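What follows is one structure encoded as structure tokens, with my remarks underneath.
The values are calculated or read from the model by the stated rules, or taken from the named source; none is laboratory data. Just so it is clear, the structure is predicted and the values come from calculations on it, not from any experiment. Quick reminder, even Gly has a Cβ in these numbers, built from the backbone with ideal geometry, and neighbours come from all protein chains shown. Heads up: the accessible areas ignore ligands, DNA and RNA and are worked out on the full protein's heavy atoms, side chains in. Shrake-Rupley method; radii C 1.70, N 1.55, O 1.52, S 1.80 Å.
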Amino acid sequence: MRHKDVERAERLVSKFFDGSTTLAEEKWLYRLMSRSDLPPGLRRYRPLFAAFGSMDAGRKSGKDMAAVFRRSVCVSAAALALILGVTLYADYREESMLARAYGGSYVIENGRRIDDLRLIRGDIEEALDEAGRMERQLGTAGFIKSAEQDVLDGIGDADMRRHVEEMLNE
């Protein structure tokens, strides 16, 4: 091994331990330390540089990192497109469902007609709930009226019937 290479190696080993070597200098050291004709002063560093050199082999190159970055961007874009598509489809589906259920409905607020079903859906559902309550009450009232009439029809005595009728109307 040349004397110049040994001096350079000793200088770079010192620089390496100070943390001031460049990547190119480190690669040169890794290659040098793998040689069989190392002088005894440098041989003691061989295991250390072999370990560091093996870690350097696993490092990703700039091209590999660019490919990983591009792949990550593509995957992110695909996920975003999927989320956007699902959201748009859900909105479309809700609008279709509203149109089928409440198509043609509108509300007038402050003299202004509002027919956007998404805006008036709550008003429509509230009106339908109120109509259901009224229908149930009318059904109950009709049943009561029918029962009262059945009771009156069952009374044969006219005075008693008139007296019961007065009590029911109070």
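Observations on the model:
- Checking each residue in the stretch 1-17 for being under 15 Å from Lys27 (Cα atoms) and hydrophobic (A, V, I, L, M, F, W, C) picks out Ala9, Leu12, Val13, Phe16, Phe17.
- A Cβ distance below 8 Å, combined with a sequence gap of six or more or placement on separate chains, defines the contacts here; from the stretch 124-144, residues that are without any contact (Cβ under 8 Å) to a residue 40 or more places away in the chain and at negative phi reach residues that are of a type in the set (A, V, I, L, M, F, W, C) and in a helix (DSSP H, G or I) in the pairs Ile124/Leu117.
- Test result for Arg118, of a type outside the set (Asp, Glu), in a helix (DSSP H, G or I), open to solvent by 100 Å² or more (accessible area, probe 1.4 Å) and modelled with pLDDT of 85 or more: no
- Only one of the numbered conditions (1) closer than 24 Å to His3 by Cα; (2) modelled with pLDDT of 90 or more is not met by Arg46, and that is (2).
- Breaking point among (1) assigned to a helix (DSSP H, G or I); (2) without any contact (Cβ under 8 Å) to a residue 12 or more places away in the chain; (3) under 30 Å from Ile120 (Cβ atoms); (4) small (Gly, Ala, Ser), for Gly104: (1)
- Pair list, Cβ under 9 Å, 6 or more apart: the stretch 29-45 residue over 17 Å from Ser14 (Cα atoms), other residue open to solvent by less than 90 Å² (accessible area, probe 1.4 Å): Ser34/Arg46; Ser34/Phe49; Ser34/Ala50; Ser34/Gly53; Arg35/Met1; Asp37/Met1
- So Ala141, is it over 30 Å from His163 (Cα atoms) and either in a helix (DSSP H, G or I) or open to solvent by 70 Å² or more (accessible area, probe 1.4 Å) (or both): no
- Meets criteria (loosely packed, with under 10 Cβ neighbours inside 10 Å, modelled with pLDDT under 80 and among the basic types (Lys, Arg)) for Arg113: no
- Output for the stretch 98-110, where each listed residue is open to solvent by less than 100 Å² (accessible area, probe 1.4 Å) and not aromatic (Phe, Trp, Tyr): Leu98, Ala99, Ala101, Gly103, Gly104, Ser105, Val107, Glu109
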